[in-house]
Amino acid sequence: MNRKINIYVFSGTGNTFLAANKISETFNKNSYDSTVHKMESIKPQDINLNSTIGIGFTTAFWNTFPFVRTWIDSLPDGNGAETFLFTTMGDSSCAMIAHIAKILEKKNYKIIGAKGFIMPNNFLLVLNDAKNIARIEKNLLKAEEYAKGIINGNGYIKKTNIFSSLAFCISSFVTTKLWKTKLAKKIMKFKVDTKKCNGCGTCATLCPTENIEIKDIPQFKDKCIFCLRCASYCPQQALSNKILLKTYRAVNLKDMLWKK
């Protein structure tokens, strides 16, 4: 495996950042040179194919966010670059990671690992802090073991099955088609509590799709992917919508604002 490792990661409320940092830390402790990059800050054509590549992303409806799928679909020919994948989820991904691996194999990326980690839910069924911490600690240990397996040449690779293939087909339609409908946007649209909002702009800074513009208070466009960064990290807790009952954040605001 190449000693230089570049990990490109997309995270909504921080779970996948935690996994990416643990994996990168494990590589660095074993004399590799690993760097974590924000996926939204790197154009697909600019990834370093002369390194081992890691791609991490959040599970959303047994798939991943439209932004991530577009980013992955836009990657150049891999020319045999060794690549490992990982995802974080609140419950099950229905082997979504295995199907993303197949997409990349068709682009000539050599898959050396593909694994998911069950982290705290950030949307429905949000657990209390103690249970969230326990789940994070348990799965970061699994992320460390996953990285060690890749180093030793036996990285875990999730396999597909008939059920997961059907689920991936349906979820792909939902996340690439239905997600963009007027009805979906109406359901997911965020409301600003003008009594709480102070116009600080944190939500606009965090938004991966540049969907928020600050005009005294946040103004939302039509590119929301419902990653929940804005609502989860709003310092004033001024954002809500019809279906978000409780917010969750895996890391503090300062960590979410990193620039790499």
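Build a GNM of the chain with springs between Cα atoms under 10 Å: which of 173, 84, 123 gets the top mean-square fluctuation?
Answer for the Gaussian network model of the chain: 173.
Distance between Cα centroids, segment 131-192 to segment 210-260: provide it in whole Å.
A separation of 20 Å, based on Cα centres.
With +1 on the Cβ of every Lys and Arg and -1 on the Cβ of every Asp and Glu, and nothing else charged, how large is the dipole of segment 1-139 about its Cα centre, in debye rounded to the nearest 20? Present the calculation step by step, with values, prior to reporting the outcome.
Details: 15 positive and 11 negative charges, 39 e Å.
It comes to approximately 180 debye.
Given H placed 1.01 Å from N in the peptide plane, which residues other than close sequence neighbours of residue 60 have an amide H under 5 Å from its amide H?
65
What is the angle, in °, between the Cα long axis of helix 96-106 and the longest principal axis of the Cα atoms in the chain? Nearest 10 is fine, range 0 to 90.
That helix lies at roughly 60 degrees to the long axis.
For each cysteine in the chain, check whether another cysteine's C-beta sits under 4.7 Å from its C-beta; list those where none does.
Cysteines lacking a close Cβ partner in the chain: 94, 169, 197, 200, 207, 224, 227, 234.
Would you mind computing, in nm to one decimal, how far apart the modelled labels at residue 159 and residue 180 are, each placed 7 Å from Cα along Cα→Cβ?
3.6 nm
Tell me, what is the Rg over Rh of the chain, with Rh the Kirkwood radius over Cα pairs? Can you show the working numbers first?
Values: Rg = 18.0 Å, Rh = 18.8 Å.
Result: Rg/Rh = 0.96.
Where a number appears in this text, it was derived from the coordinates with a stated rule and is not lab data. Remember, it's a predicted structure, so these values are computed and weren't measured experimentally. Virtual Cβ from ideal backbone geometry, glycine too; neighbours counted across all protein chains shown.
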